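Undergrad: Quick one: structure below, then a few questions.
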Amino acid sequence: GKGQYDHYMLKEINEQADSLSNTLGGRITDDGDVSLEEFPQGTFNDVDHVEFIACGTSYHAALYGAQQLQRSGVRATATIASEYDTSTVTENTLTIAVTQSGETADTISALRAAQDAGAETVAVTNVVGSSAAREADHALYIRAGPEIGVAATKTFSSQVATLTLLAHRLSQDLEQGTAREDNEEFFSELEKLPEYINEVLATSTAEAVGEKYLDKESYFFIGRDNEYPVALEGALKFKEITYEHAEGFASGELKHGPLALVTPKSVVFSLFTGENGEKTRKNAEEAHTRGADIVAITDDAESVHEFADTVLHIPETHPDIAGLLANVQLQLVSYYTADMLDREIDKPRNLAKSVTVE
Ligand code: M6R
């Protein structure tokens with residue numbers, strides 16, 4: 001049941017320290033290496049490029065995963081499953097289907113197409129025995145536990161954590177792979193992720209932030225690098241459960257069109273969790289100049305005080321982990337906004353937990 005919570009979504013947001021501990025448990029060795037029992041050393045020796053296929057929130061996790069692989073020297077792409085095309089598939093392709101339920105028709109259909117074209121396949125899923133798990137050559141479980149709310153929350157975090165581990169494993173097997181320079185620091189921070197999540201949950205001011213902007217007309221989310229999938233995810237969650245107009249953009253794209261939408265009736269959630277904050281700062285300032293309110297998600301409130309109307313604070317950590325912490329803040333903003341608007345949070349109109357038609 002929902003226990004002390006009004007909605008499954010809030011319960012599931014609050015479960016994220018535990019679900020992430022499960023996801024990571026036993027998969028990081030004492031000397032900061034990844035050990036995945038599913039994939040003994042050498043499993044992927046023949047692979048020369050990696051493609052992710054997924055829908056919705058899982059697509060955002062896939063994008064995050066593809067970026068991590070690229071950073072360890074591996075050619076990787078992420079494609080929306082319903083847009084998938086097998087033209088570049090060879091027998092050296094590794095196709096990774098990311099699907100919480102393991103039953104999404106668009107993703108299963110792309111997975112089958114990849115197999116028919118000769119790719120080796122992995123399903124990254126939450127559901128043991130699901131179609132994706134059964135049909136792919138390998139299954140890797142995210143171990144997030146059951147998710148009841150239609151809005152994916154804890155499963156996104158566990159997908160990203162799992163893909164981070166998988167990216168590391170792949171970079172060991174693939175010839176192009178290079179170890180990340182900051183390996184040690186990264187894995188020690190990754191192990192602290194559940195702790196950091198609890199800190200965000202205990203101190204978040206997301207409810208007050210949601211209340212402050214309840215009468216806005218548009219909600220924009222911007223970020224670059226791994227903040228970009230988080231911006232897309234922030235906007236998807238917001239539109240899905242509040243029914244308000246929300247869009248996520250790559251920060252740099254704002255000036256290539258979307259800026260025309262920005263007015264004093266807009267609020268721009270701006271992610272400052274990565275290494276390119278100076279650039280995003282300029283983009284946020286442009287929106288601020290057009291009268292929009294800026295909400296900065298950052299570990300350094302001092303650096304944004306000139307243009308940010310409000311700050312959502314996250315603990316200081318590695319940028320690849322900070323993206324997940326920022327996402328939890330955005331989940332909470334969506335949740336509280338939807339609650340104040342009296343929306344049906346766990347079962348938003350027109351949507352289903354698992355989309356079994358193409
Ligand atoms: O079960 P899947 O991960 O394959 O589902 C994919 C999407 O339908 C799903 O993530 C959807 O976008 C969520 N409801 C968003 O919160």
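The values are calculated or read from the model by the stated rules, or taken from the named source; none is laboratory data. Here the structure is a predicted model, which is why all the values come from computation and not from measurement. Here the Cβ positions follow ideal geometry from the backbone for every residue, glycine too, while neighbour counts run over all protein chains shown. Ligands, DNA and RNA are stripped out before the accessible areas are found, and what is left, the full protein with its side chains, is counted by its heavy atoms. Shrake-Rupley method; radii C 1.70, N 1.55, O 1.52, S 1.80 Å.
Undergrad: Which value, in Å to one decimal place, does the Kirkwood hydrodynamic radius take for the range 37-85 when every pair of different Cα atoms is included?
TA: Over the range 37-85, the inverse of the mean reciprocal pair distance is 11.7 Å.
Undergrad: Of the accessible area of the range 101-190, with the probe set at 1.4 angstrom, what percent is carbon plus sulfur?
TA: Working: 1410 of 3010 Å².
Result for the range 101-190: 47 percent of the exposed heavy-atom area is carbon or sulfur.
Undergrad: Placing unit charges on C-beta atoms (Lys and Arg positive, Asp and Glu negative, everything else neutral), compute the dipole magnitude of the chain about its Cα centre in debye, rounded to 20.
TA: 980
Undergrad: What does the C-alpha gyration tensor say about the overall shape of the range 123-163? Classify as rounded when a/c is under 1.5, otherwise prolate if a/b is larger than b/c, or oblate.
TA: Since a/c reaches 1.5 but b/c is at least a/b, the shape of the range 123-163 is classed as oblate.
Undergrad: Okay, moving on. Once a ≥ b ≥ c are taken as the square roots of the eigenvalues of the Cα gyration tensor of the range 64-183, is the result rounded (a/c under 1.5), prolate (a/b larger than b/c) or oblate (a/b not larger than b/c)?
TA: Details: a/c = 1.89, a/b = 1.15, b/c = 1.64.
Judged from the Cα gyration tensor, the range 64-183 comes out oblate (a/c at least 1.5, b/c at or above a/b).
Undergrad: Could the peptides 77-89, 110-122 be put in order, highest first, of the mean number of other beta-carbon atoms found within 10 Å of their residues?
TA: Ranking the peptides 77-89, 110-122 by packing returns 110-122, 77-89.
Undergrad: Tell me whether the range 128-272 comes out rounded, prolate or oblate; compute the Cα gyration tensor, take square roots of the eigenvalues as a ≥ b ≥ c, and use a/c under 1.5 as the rounded threshold.
TA: Details: a/c = 1.82, a/b = 1.60, b/c = 1.13.
Because a/c hits 1.5 or more and a/b exceeds b/c, the range 128-272 counts as prolate.
Undergrad: Please report the orientation-averaged projected area of the chain, defined via the convex hull of its C-alpha atoms, in nm².
TA: 16.9
Undergrad: Along each of its three principal axes, how wide is the spread of alpha-carbon positions in the range 188-230, in whole angstrom units, largest first?
TA: 41, 27, 8
Undergrad: Return the carbon/sulfur percentage of the accessible area of the range 1-50, one whole number, probe 1.4 Å, all protein chains in place.
TA: It is 37 percent, rounded to a whole number.
Undergrad: Let me ask another. For the chain, what is the relative contact order in percent, using Cα pairs closer than 8 Å and at least 6 residues apart in sequence?
TA: On the way: 721 pairs, mean separation 67.3, N = 358.
This gives 19 percent for the chain.
Undergrad: With every protein chain present, what is the per residue accessible area of the range 46-152 (1.4 Å probe, Å²)?
TA: I get 35 Å² per residue for the range 46-152.
Undergrad: In terms of solvent-accessible area of protein heavy atoms at a 1.4 angstrom probe, what is the ranking of Thr242, Thr317, highest value first? Each step should come with its number before you reach the end.
TA: Numbers: Thr242 0, Thr317 25 Å².
Ranked list, largest accessible area first: Thr317, Thr242.
Undergrad: Roughly how far apart, in whole Å, are the Cα centres of the range 333-355 and the range 288-322?
TA: Between the Cα centres of the range 333-355 and the range 288-322 lies a distance of 26 Å.
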